[in-house]
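*Asks:* Below: one structure in structure tokens.
The values are calculated or read from the model by the stated rules, or taken from the named source; none is laboratory data. Bear in mind the structure is a predicted one, so any value in this text is a computation, not a measurement. Positions of Cβ are generated from backbone atoms using ideal geometry, with glycine treated the same way; all protein chains shown enter the neighbour counts. All accessible areas refer to the heavy atoms of the entire protein, side chains included, with ligands and DNA or RNA removed. Shrake-Rupley method; radii C 1.70, N 1.55, O 1.52, S 1.80 Å.
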Amino acid sequence: MTVAPHPRADAALACLAGHGGDRHQGRGFSSDLSVDEAVLLKEIGYEPRGLVVGSAVYHLGIQYSNWNTNQEMTDLTRAMYQARQEALTAMERHAEQVGGQGVVGLKLEVQMHSGGHPLAEFVAMGTAVAQPGVRSSGVWVSDLSGQDLYLLIRAGYQPVGLAFGACVYHVAHQGISQWMGQQTQNIELGNYTSALYEARELAMTRMQEEAERVRAHGIVAMRIEQKSHMWGSHVIEFLAIGTSVRLAAAEHQRLDPEMVVSLDDEQEPAAAPAPASGDAAEG
Amino acid sequence: MSDQADAQQRQQASIAALERGQLPIAAQERIEELREGRSAWTSDLSVSEMAAIAHAGFEPVGMVMGSSVCRIAAQWGYTTVYGMSGTAGSGRVRTYPCPHGFYGYGVGSEHRTGFNWEHRYYEAGITETRNLALRRILEEAQGVGAHGVVGVRIMKRHLEGVGNSLEFTCIGTAIRRRGGPQLRTPFMSHLDGVAFSKLLHGGYVPVALVMGIGAMEIDPGCGTEWQLRSWSNSRIQQISDGIEEARMLGINHLESEVATVDADGAVGVETDLAAYELGGESQLIELFLLGTAVRRYAKEPLDEPPLPIMRLR
């Protein structure tokens, strides 16, 4: 049986057998990039520098709130914001150490440790990337995937940094007579609606302020996460988070996508925003 | 001879073979059949993986695996292992003295020093178990005349709780290029067949599976415990340090393995963080990283730049 020549396969095997190849200069990297991301980032001139992490473990104490008032839990808001900020700062330091100019595919997660103590671990993790031969100051951070970043940069934009805002809010409980009065009706729970509105607005405003501080033109791939973590259904954290971007080119570059009809029989999940976690509402 | 005696004899022969550094009898027979082409090839490739691999110039040979169960020698408790002088030999240690200036150590004492320390023996035990399993899967791959193994899945399991025995098993599909040069060590990748084809297309070739392990025991001191009991929101320095150190150790070990196999980097790194209670307030933080080391064989990444598309469904 004859084998059709395949230059890539043959070159790859020759490289493994020990001769040739066009090797990277400098230290070996690790990355949690998928193959698509690694290849696309290389296409726009970025090379991975290494997996970078930062973490902060916080003890979350208790803040008392009035049982029947809607109010922001400022101490908790501050702690949740500060803990994330510290995890990010540690990660940025790590990125600088490995010579990164930016971090892509950031995952910013909170893991609640059950057990005796109310402990929360805040982890920031991503892959540091750099453009060889380009000097830059500071490290930008983005939670965009390699594919998104490729599109963004091809379209003439540059990521500036992560923008996020947090708000921990206490939703008032209803009085007993009010509760009794509403048992037989379908009625809007005004306190709930307005509390959720207010908390969401606060988180988003804070995120926007962060973006304005770094003179970004806009925020892309923004999402709002709504979680009660360990506080029960009446205390909710809203986290608004996205990547702030600036138009680096003179104007938006057209991409002119080709249209295709997929022949895959697998149903692609629609690119919907992440649904709010189910632990947040009811009460 | 009865069936039972026969089976027992086979088992004895398998154990003897393992001790000689060979594969168990059943695996040897399977490899033999695959090599001679007496049986149909087996694979867990999906149709698109199969097509992608063929597009990259390779063909499947068969499923291969390697497995090992080892005893992990681990001793918890910094002060119990090393005494009060605290000479850990190698491995990282960080101490958190009593903020009130006392120097009590005893269990149950209100004032005590906290320790974060790296478990070198434990890390080495896991690495050793992994090495045995990898050596066996590579031996199988070589036995069937493959150039590499793709879609390798890893199963890592603590038996009888952490720090006793560990099972490490890897399984994947061996592939080869007809007429290709023989490799001293077949390549391995935990990425699937489609990713393998994209990687090759992008100018990279997988080299080996690389792993990083970081194991830190956190034995909280009285300062940390006081902080845990408080009512305020505050950062717990000792636990933050412990987790961050475990992550750093994992990444450093992974990157040094990348250098050992003479690769340029690792892609698709997966991380797994586990915390195990060790009794008392002590806990073990174990970070496990797994990736595919890649080498760049061509500078020009793609024949044609990627085409932006819009899916119409």
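*Asks:* Could you list all residues from region B:29-44 that are under 25 Å from the mean Cα position of the chain (by Cα) and buried (at least 17 other Cβ atoms within 10 Å of the Cβ)?
*Replies:* B:ILE31, B:SER43
*Asks:* Quick check on my filter: what residues within region B:177-194 are among the hydrophobic types (A, V, I, L, M, F, W, C) and crowded, with 24+ Cβ neighbours inside 10 Å?
*Replies:* Result: B:PHE187, B:MET188.
*Asks:* To continue, here is another question. Can you find a residue in region A:59-67 that is in contact with a helix residue (DSSP H, G or I) (Cβ under 7 Å, 6 or more places away or on another chain), modelled with pLDDT of 85 or more and at the interface with another protein chain (Cβ under 9 Å from one of its Cβ atoms)?
*Replies:* yes
*Asks:* Can you name the condition, by its number, that B:ASP192 falls short on among (1) out of contact with any Lys or Arg (no Cβ under 6 Å at 6 or more places or on another chain); (2) closer than 30 Å to B:ALA40 by Cα; (3) modelled with pLDDT of 90 or more; (4) at the interface with another protein chain (Cβ under 9 Å from one of its Cβ atoms)?
*Replies:* (4)
The rows are residues; the columns are (1) closer than 23 Å to A:VAL220 by Cα; (2) open to solvent by 20 Å² or more (accessible area, probe 1.4 Å).
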site: A:ALA90; (1), (2): no, no
site: A:GLN101; (1), (2): yes, yes
site: A:MET112; (1), (2): no, yes
site: A:THR127; (1), (2): yes, no
site: A:GLN147; (1), (2): yes, yes
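*Asks:* On to the next question. Suppose the filter is open to solvent by less than 30 Å² (accessible area, probe 1.4 Å) and either under 27 Å from A:LYS227 (Cβ atoms) or of a type in the set (S, T, N, Q) (or both); does A:ALA211 pass it?
*Replies:* yes
*Asks:* Which one is farthest from the other protein chains (Cβ to nearest Cβ) among residues in region B:163-176 that are open to solvent by less than 10 Å² (accessible area, probe 1.4 Å) and within 20 Å of B:SER46 (Cα to Cα)?
*Replies:* Result: B:CYS170.
*Asks:* Quick one: in region A:129-145, of everything that is open to solvent by less than 40 Å² (accessible area, probe 1.4 Å) and among the hydroxyl-bearing types (Ser, Thr, Tyr), which residue is farthest from the other protein chains (Cβ to nearest Cβ)?
*Replies:* A:SER142
*Asks:* When B:ILE243 is evaluated against the numbered criteria (1) surrounded by 22 or more Cβ atoms within 10 Å (Cβ to Cβ); (2) under 17 Å from the mean Cα position of the chain (by Cα), which criterion, by number, is the only one it fails?
*Replies:* Going through (1) surrounded by 22 or more Cβ atoms within 10 Å (Cβ to Cβ); (2) under 17 Å from the mean Cα position of the chain (by Cα) one by one, B:ILE243 breaks only (2).
*Asks:* On to the next question. So, in region B:213-252, of the ones that are in a loop (DSSP other than H, G, I, E, B) and farther than 16 Å from B:GLN283 by Cβ, which residue ends up farthest from the other protein chains (Cβ to nearest Cβ)?
*Replies:* B:SER230
*Asks:* Here's a follow-up. Taking the condition modelled with pLDDT under 85 and over 26 Å from the mean Cα position of the chain (by Cα), does B:VAL47 pass?
*Replies:* No: the conditions fail for B:VAL47.
*Asks:* What residue, of B:ARG30, B:ARG38, is farther than 25 Å from B:GLU281 by Cα, at pLDDT below 85 and touching a Ser or Thr at 6+ places or on another chain (Cβ under 9 Å)?
*Replies:* B:ARG30
*Asks:* In this structure, does B:LEU132 turn out to be open to solvent by 10 Å² or more (accessible area, probe 1.4 Å) and more than 23 Å from A:SER30 (Cα to Cα)?
*Replies:* Judged against the criteria, B:LEU132 is a match.
*Asks:* Consider region B:137-162. How many of its residues are crowded, with 17+ Cβ neighbours inside 10 Å, assigned to a strand (DSSP E or B) and either of a type outside the set (A, V, I, L, M) or within 14 Å of another protein chain (Cβ to nearest Cβ) (or both)?
*Replies:* Qualifying residue count for the region: 5.
*Asks:* Of A:ALA79, A:ALA120, which residue is in a helix (DSSP H, G or I) and either surrounded by fewer than 15 Cβ atoms within 10 Å (Cβ to Cβ) or not β-branched (Val, Ile, Thr) (or both)?
*Replies:* Matching residue, one of A:ALA79, A:ALA120: A:ALA79.
*Asks:* Which pairs have Cβ atoms under 6 Å, sit 6 or more apart or on different chains, and link a residue in region A:176-200 that is open to solvent by 50 Å² or more (accessible area, probe 1.4 Å) to one that is not in a helix (DSSP H, G or I)?
*Replies:* A:ARG200/A:PHE238
*Asks:* Please determine, by comparing only the residues of region B:102-123 that are open to solvent by 80 Å² or more (accessible area, probe 1.4 Å) and more than 30 Å from B:HIS158 (Cβ to Cβ), which one is modelled with the highest pLDDT.
*Replies:* Looking at residues that are open to solvent by 80 Å² or more (accessible area, probe 1.4 Å) and more than 30 Å from B:HIS158 (Cβ to Cβ), I get B:GLU110.
*Asks:* Any residue at all in region A:95-103 that is in contact (Cβ under 8 Å) with a residue 40 or more places away in the chain and in a helix (DSSP H, G or I)?
*Replies:* yes
Residue by residue, here is whether (1) part of a loop (DSSP other than H, G, I, E, B); (2) under 21 Å from B:ALA195 (Cβ atoms); (3) open to solvent by less than 40 Å² (accessible area, probe 1.4 Å); (4) facing chain A (nearest Cβ under 9 Å) holds:
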| residue | (1), (2), (3), (4) |
| --- | --- |
| B:ALA263 | yes, yes, yes, yes |
| B:ALA274 | no, no, yes, no |
| B:LEU290 | no, yes, yes, no |
| B:PRO305 | yes, yes, no, yes |
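*Asks:* Restrict the check to region A:14-22 and report whether at least one residue is at pLDDT 80 or above, surrounded by 19 or more Cβ atoms within 10 Å (Cβ to Cβ) and more than 7 Å from chain B (Cβ to nearest Cβ).
*Replies:* No: region A:14-22 contains no residue that is at pLDDT 80 or above, surrounded by 19 or more Cβ atoms within 10 Å (Cβ to Cβ) and more than 7 Å from chain B (Cβ to nearest Cβ).
*Asks:* Considering every residue within region A:110-121, establish whether at least one is hydrophobic (A, V, I, L, M, F, W, C), within 9 Å of chain B (Cβ to nearest Cβ) and within 22 Å of B:MET248 (Cβ to Cβ).
*Replies:* yes
*Asks:* Any residue in region A:210-237 that's under 20 Å from A:ARG78 (Cβ atoms): show its pairings with residues that are of a type in the set (D, E, K, R) and open to solvent by 30 Å² or more (accessible area, probe 1.4 Å) at Cβ separation under 7 Å, as long as the two are six or more apart or on different chains.
*Replies:* A:ILE224/A:ARG200; A:LYS227/A:ASP279; A:SER228/A:ASP279; A:GLU237/A:LYS227
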